[in-house]
1. Grab the other residues whose beta carbon is less than 12 angstrom from that of residue 149, score K and R as +1, D and E as -1, and report the net.
2. Roughly speaking, what is the stretch gain from residue 143 to residue 185, that is 0.36 nm per residue apart minus the C-alpha to C-alpha distance, in nm to one decimal?
3. Rounded, prolate or oblate for segment 162-253? Axes are the square roots of the Cα gyration tensor eigenvalues, ordered a ≥ b ≥ c, and the cut-off for rounded is a/c under 1.5.
4. Once each part is reduced to its C-alpha centroid, what is the distance from segment 187-216 to segment 107-160 in angstrom?
5. Taking the Cα centre of segment 114-193 as origin and charging only Cβ (+1 Lys, Arg; -1 Asp, Glu), how large is the dipole, in debye to the nearest 20?
6. DSSP loop trypsin sites (Lys or Arg not before Pro) in segment 91-178 with at most 12 other Cβ atoms within 10 Å of their Cβ, which ones?
7. How charged is the neighbourhood of residue 122? Take every other residue with its Cβ under 12 Å from the Cβ of residue 122, and add Lys/Arg as +1 and Asp/Glu as -1.
8. Quick check: at a probe of 1.4 Å, how many percent of the accessible area of segment 70-139 sits on carbon and sulfur atoms?
Amino acid sequence: MDIPPSSSRPSTLNDSTLNQASDPFFEPYDREQIAYGDQPSAALSAYLQQVPRSGKALDLGAGAGRDTIALAKAGYDVLAVDLSDRGLQRIRQRAQKEQTSGKVQTLAVDVREVFMPEKTYDAIVATTVLDHIPLTDAVVLWDRMAKSLTDTGILYVQVHTTEDPGSDQSPGRESDAPVSETAGAVINYFSPNQLALWAVAPKSRLRILRYEECLEWDYTHGPEHLHGKAILLATRTGAHPPWYGQPAMFPRR
């Protein structure tokens with residue numbers, strides 16, 4: 001069932017009631033140096049610096065809010081969704097510190113249950129979300145995300161790919177590179193071009209601004225480890241924001 005942002009399920013727990021048994025990501029988000037860091041995703045950050053922005057944003061699987069805070073500082077009113085109460089608590093703390101509390105709401109719920117009316121959100125971010133749920137559910141969630149974008153909306157998505165050493169498929173499974181401490185939470189590794197093909201499917205009605213598949217070393221949590229990632233930045237078909245790339249090679253002086 002879809003759950004609206006006004007649901008009675010938003011996160012209200014305090015420090016004394018939070019514990020690792022009820023929140024599997026409590027420990028990574030409870031660290032002094034928060035897991036995954038506090039810097040926004042690079043392509044999303046570049047877009048926010050270049051393109052005039054406002055309206056409503058949805059950060060699915062927001063974690064401790066590295067993208068949430070960037071969206072709020074850019075001018076969006078953001079709904080941050082995650083199952084981790086501790087992560088959402090850190091988002092509220094960081095929003096207060098950055099003086100963006102009035103632009104951030106949090107909701108503790110499974111991303112598959114989020115209420116996403118059509119043509120509602122001007123920005124949707126899903127950083128390592130579609131790979132944390134079964135493929136059949138990911139397909140349904142993707143369709144709802146695409147439909148929920150406004151006609152000028154922006155979509156930013158990251159997923160782990162089969163290049164990741166945590167993958168049970170080639171080539172990742174043959175890799176001897178170190179694996180992430182949270183690799184067990186990834187259950188759906190994307191094959192080459194899979195995410196791009198979802199984006200260009202006619203029913204998605206998206207236009208790709210940037211897409212890459214790459215390896216990346218992660219030093220933001222636990223022992224350093226390798227990831228295989230697919231990274232997508234897309235907008236609505238027919239929308240043409242002033243996007244000059246990442247990095248911006250030839251912007252107007």
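The values are calculated or read from the model by the stated rules, or taken from the named source; none is laboratory data. For clarity, every value in this text was computed on a predicted model and none was experimentally measured. We place every Cβ from the backbone using ideal geometry, glycine too, and count neighbours over all the protein chains shown. We work out accessible area using only protein heavy atoms, side chains counted, and drop any ligands, DNA or RNA first. Shrake-Rupley method; radii C 1.70, N 1.55, O 1.52, S 1.80 Å.
1. +3
2. Details: separation 42, 0.36 × 42 = 15.12 nm, distance 2.23 nm.
That pair, residue 143 and residue 185, stretches by 12.9 nm at full extension.
3. On the way: a/c = 2.97, a/b = 1.65, b/c = 1.79.
It is oblate, given that a/c is not under 1.5 and a/b is not larger than b/c.
4. 13 Å
5. On the way: 4 positive and 12 negative charges, 61 e Å.
My answer is approximately 300 debye.
6. Values: sites: 92, 94, 97, 103, 112, 119, 144, 147, 173; in loops: 119.
Of the trypsin sites (Lys or Arg not before Pro), the ones in loops of segment 91-178 whose Cβ has at most 12 other Cβ atoms within 10 Å are 119.
7. Numbers: positive: 53, 56, 119, 236; negative: 77, 151.
Neighbourhood net charge equals +2.
8. On the way: 1290 of 2830 Å².
Answer for segment 70-139 is 46 percent, counting heavy atoms of protein chains only.
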